[in-house]
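K.L.:
For reference, the structure I am asking about is given below.
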Amino acid sequence: MEDLHAVILAGGSGTRLWPLSTPEFPKQFLPLPGGRSMIQETLARVTTLVPPEQVWVVTGRAFSELVRQHLPELLPGQILEEPVGRNTAPAITWAASLLARRSPRAVMAVFPADHVITKLEPFQRAIRFGYQLAQRGYLVTWGIRPTEPATGYGYIRFASPVADGYGHQAFSVEQFVEKPDLATAQRYLQDGHYVWNSGMFIWQTATILTEVGKHLPALAEEMTRIVEAMGTPAERRVLEEVWPSLTSISIDYGVLEKTDRLVVIPVDLGWSDVGNWEQYGALYAADGKGLRGVGHHFALGSQNVFVYNTTQREIYTIGLEDVIVVALDDKTLICHKNHVQRVRELAEAQLLQRASTTAARNGHQPGPRPASAPSPLPAASTGQSGSALSLGLAATDSPPMTPEEVAPGADPEPGGTADQSQSTS
């Protein structure tokens, strides 16, 4: 697969993992239980198939320094810096245009930077199969076989088989479906012809550029201006002038829902987009009571609790169930697992409040800084052990409290200090 290039999309803010994920330090830079960040794990995964010099990252200019810190293997020219976010269609078209200039036979595989995949061997086989289909002129996406009636994902309905290989099968795509309600998601699961939209793709650069030209002609025209200016003295000026005017649209809406070249490969990859605190907590090991955590936590009669504590404070819970606690130096979030999707609402409200306060300050109007406004991720305390005590006690019982370790070695190192996060804002 010498013509294969990997493109990692590293934009977004991950508001559902607030307050750990912030606009200054979005979720792709957050640590995983093994110690590496999500974007580092993504690079490690793709470099089992392509050499580092054929990996490209599209990210916001504000995050470029963080990308360089987390991925020192990449050269500066392999990091494409967007002046402002314009969704996946412009990002993918930019990368495809540059790769097409390097080689007319180039094939690009696109991966979000903030996904977790635990089954590497099926992943590699799925990429190899997708590469074969891409060389035949197909636009290929991988659909995740649903394990539950999830309402937080978009779905793809597939129809007739197209090809098979490497232990996988590809199907024609019948329909893209928005995030459903629970009853609809249950029907999708029973139907058996629906997969989760993974946001991962593979295609020839020539093929995707042809489809962009057909379905998003204005984007194709403007991107030609940007790419032709690259490597010239006018590069930055043209990018600054043209990029903000591009239509913000996803590759799904802009191209894939309209093309007749799309096929989907249903896969089971141990995949998660780590889109909320429950999914993030599930990455950590649990004890017999379902307690998971990072940092100090002691529990009496609590179960199915995730505590993420990067402070020196000791957290104690009594009789709690299905609760998430996030304790940072400057703010604490306590959330029932049934309401993890609402963290986004809280994060967006705090961002609006902070923006309002900043505007007031710039206008020299009095206004207190909200104490709960988001701030960059604080550095985790090194040498801090993760521990928990899980006791199902009767009212008259009073044994000595001897903590049991819940997540050995789960002490986080968030990949960058608060000062580093601030430097990218």
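K.L.:
What are the residues whose amide H is under 5 Å from the amide H of GLY295, where those residues sit 5 or more places off or on another chain and H is modelled from the backbone?
P.N.:
ASN309, GLY386, SER387
K.L.:
Considering only the chain, what is the antiparallel percent among its DSSP beta bridges, to the nearest 5?
P.N.:
45 percent
K.L.:
Mind jotting down the distance between the C-alpha centroids of segment 45-117 and segment 299-354, whole Å?
P.N.:
33 Å
K.L.:
Where does each of 102-115, 25-38, 156-169 land if you order them by average Cβ count within 10 Å, highest first?
P.N.:
25-38, 102-115, 156-169
K.L.:
Let me ask something additional. Once you've got the Cα coordinates, tell me which of LYS119/LYS214; LYS289/LYS331; LYS119/LYS331 are over 32 Å apart.
P.N.:
LYS119/LYS214; LYS119/LYS331
K.L.:
Quick one: if the Förster radius is 56 Å, what FRET efficiency do SER160 and TYR316 give, using the C-beta to C-beta distance and rounding to 0.05?
P.N.:
0.45
K.L.:
Report, in debye and to the nearest 20, how large the dipole of segment 83-192 comes out about its Cα centre when Lys and Arg carry +1 and Asp and Glu carry -1 on their Cβ.
P.N.:
Charge dipole of segment 83-192: 540 debye, to the nearest 20.
K.L.:
What does the extension gain come out to for LEU120 and TYR253, with contour length at 0.36 nm per residue minus their alpha carbon separation?
P.N.:
Residue separation times 0.36 nm, minus the Cα-Cα distance, leaves 45.0 nm.
K.L.:
Follow-up question, since we're still on this one. Work out the charge dipole of the chain with +1 on the Cβ of Lys and Arg and -1 on the Cβ of Asp and Glu about the Cα centre, then indicate which of GLN186, GLY34, ALA159 is farthest towards its positive end.
P.N.:
ALA159
K.L.:
Also, I was wondering about something else. So, by mean Cβ neighbours within 10 angstrom, what's the order for 194-206, 43-55 with the highest one leading? Before the final figure, lay out each step's value.
P.N.:
Numbers: 194-206: 23.5, 43-55: 16.8.
Top to bottom by mean Cβ count within 10 Å: 194-206, 43-55.
K.L.:
Suppose R0 equals 25 Å. What FRET efficiency, 1/(1 + (r/R0)^6) with r the Cβ-Cβ distance, do ARG145 and ASP181 give to the nearest 0.05?
P.N.:
On the way: r = 21 Å, r/R0 = 0.83.
Result of the calculation: an efficiency of 0.75.
K.L.:
With a 10 Å radius around each residue's Cβ, average the other Cβ atoms per peptide and rank 73-86, 3-16, 56-69, highest first.
P.N.:
Going from most to least packed, we get 3-16, 56-69, 73-86.
K.L.:
Something else now. Once fully extended, how much extra length lies between GLU240 and GLU73, figured as 0.36 nm per residue of separation less the alpha-carbon to alpha-carbon distance?
P.N.:
Taking 0.36 nm per residue and subtracting the Cα distance, the gain is 57.4 nm.
K.L.:
Here's a follow-up. Run the quick spin-label model on ASN362 and HIS339: label points 7 Å from Cα toward the beta carbon, then report their separation in nm to one decimal.
P.N.:
Output for this residue pair reads 3.3 nm.
Where a number appears in this text, it was derived from the coordinates with a stated rule and is not lab data. Bear in mind that the values here come from a model prediction, so they are computed numbers and not experimental data. FYI the Cβ positions are ideal-geometry reconstructions off the backbone, even for glycines, and counts take in every protein chain you see.
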